[in-house]
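All remarks here apply to the structure that follows.
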Amino acid sequence: MIWTRWWERWRWRHGSRDPALHDLATTFALAEDFPALRAVIARRLREVAGGEAALFCEYHPVRRAYVPTAGDRIDPDSCADIAIHLDGPLVKWLGVNQEAMGHPDPRGAHDFLGPEERAAFDAHRVRLCLPLISVNRLLGIALVVSSTPLALRGDRIAFLTACGRQAGLACEAAGRRGQELHRLRSEQHAARLAIAGRLAAAVAHEVRNPLTVIRSTMQLILEVDWPWEQKRALLQSVMEEVDRIDGTVGRLLHLSRPAEIECVEVDMNAVAEEAVAFAQAYGAGAGVTLVRKSTRRPLRVTGDPRELRSVLLNLLLNACQAMDAGGVVTVRTDLVTRPRSDGTLQALTVVEIGDTGPGMAPDVLARVFDPFFTTKATGTGLGLPASLEIVQRHGGELRLASEPGRGTLATVLIPAGSVD
Ligand SMILES: Nc1ncnc2c1ncn2[C@@H]1O[C@H](COP(=O)(O)OP(=O)(O)O)[C@@H](O)[C@H]1O
Ligand SMILES: [Mg+2]
């Protein structure tokens, strides 16, 4: 194949780590999504080619042609007459040679343009056509516009071809990321449906029990001729069951409240301090000592202080409740950074709540975030799912690690700085 020869030759001459190419690859890789990538490809290829404007053409399956979908210093809609047909001479030439084509081209390659392609290129002063190729697939075509012909002698064609190839690789990677995202979204959707199903079953269970009690009691009151005092006691229990349903529905509504948080700047150390103060009295009654450790301050996050406090309080109470024979709860706050997938660093505030309680068996740990899951006689099983929901609305994570006999460690991670 012809391209293999020039490619090898070019690589041999320039080395595969040409800094300009490396720089291009980096800017392409940093693009957030495909529209951003299209725009950055058009801009960077215009810059390296020295043109006045550039177009990114994408394959349009219905028109069976590559058509402009993005432009740098040019509106792609103003070039709607450009359609590089899949079966046309230009795509054929690009597919065989996998090289840039000038218009005019020092090698005379522009002679291969079809009459329609030539007319459109002349009308828009397209001076360079770069195939964006990855693994022999033409993922797009970049067109560079200039009022005067471009200098394409010497190694220029080879270099510009290599730039187009970097863009092709970036398109391929973006396409894969898009597919992966799509897969993740459908998985998340399925997971949400599964949770909704479990929730519906749990609600039905929680509401049906009191309803059964209410129904049978009412029946008794209606059918049996008891003195009023006795009926009053029965009606009292009906009231209690009604309250139970009301409480369940109220907690559920809290759980499914729309994602609205009052966003203010909050110091996580202060939030932790408050939660510890609230839990102190409760812990003292159960023989639990609360220990506070903080390495840096202040730890700024953007969020809802009341919601965040309720998360920490939930975790603290769980820790105290796990240790009916007394123990120690340690609350540690800190700031950590971790790399994002794009290589930049994300700062996170960490709150760790560790207890010296009995811990949890793996089958319990696996279910703690299920609504209504509780191992306590008077538990609601809504503390952890509600906490998880709040933390996730702050863009954070809530993790629980536990081992039987070794206690439990709850970790709350909230992005430092602002919540998008
Ligand atoms: N620190 C902990 N140690 C041991 N078990 C815990 C701890 N935190 C939570 N759990 C388990 O998770 C379950 C669910 O907790 P939660 O959602 O807060 O509901 P509740 O506290 O009402 O039971 C608890 O019933 C308990 O079994
Ligand atoms: Mg709880």
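The values are calculated or read from the model by the stated rules, or taken from the named source; none is laboratory data. On a predicted model such as this, the values are computed, not experimentally measured, just so you know. Here the Cβ positions follow ideal geometry from the backbone for every residue, glycine too, while neighbour counts run over all protein chains shown.
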(Q) Quick check on A162: is it surrounded by 11 or more Cβ atoms within 10 Å (Cβ to Cβ) and under 30 Å from R38 (Cβ atoms)? (A) yes
**Q.** Condition met for S387 (at pLDDT below 95, hydroxyl-bearing (S, T, Y), within 18 Å of A270 (Cα to Cα) and within 16 Å of ligand 1 (Cβ to nearest atom))
**A.** no
**Q.** Total residues in the range 363-420, condition assigned to a loop (DSSP other than H, G, I, E, B) and in contact with a Leu (Cβ under 9 Å, 6 or more places away or on another chain)
**A.** 10
Q | Extreme residue, modelled with the lowest pLDDT, among residues of the range 1-54 that are assigned to a helix (DSSP H, G or I) and among the polar types (S, T, N, Q) | A | T4
Q: Can you run down the residue pairs with Cβ atoms below 9 Å, 6 or more apart or on separate chains, where the first is in the range 373-395 and without any contact (Cβ under 8 Å) to a residue 60 or more places away in the chain and farther than 20 Å from V249 by Cβ and the partner is away from ligand 2 (no atom under 13 Å from the Cβ) and of a type in the set (S, T, N, Q)?
A: none
Q.
Looking only at residues that are surrounded by fewer than 13 Cβ atoms within 10 Å (Cβ to Cβ) and part of a strand (DSSP E or B) in the range 317-352, which one is nearest to ligand 2 (Cβ to nearest atom)?
A. V336
(Q) Give me the residue from the range 353-397 that is out of contact with any Phe, Trp or Tyr (no Cβ under 8 Å at 6 or more places or on another chain) and of a type in the set (K, R) and, out of that set, farthest from ligand 2 (Cβ to nearest atom). (A) R393
Q | Residue check for M360: out of contact with any His (no Cβ under 7 Å at 6 or more places or on another chain) and modelled with pLDDT under 95 | A | no
Q | So A119, is it surrounded by fewer than 17 Cβ atoms within 10 Å (Cβ to Cβ) and part of a helix (DSSP H, G or I) | A | yes
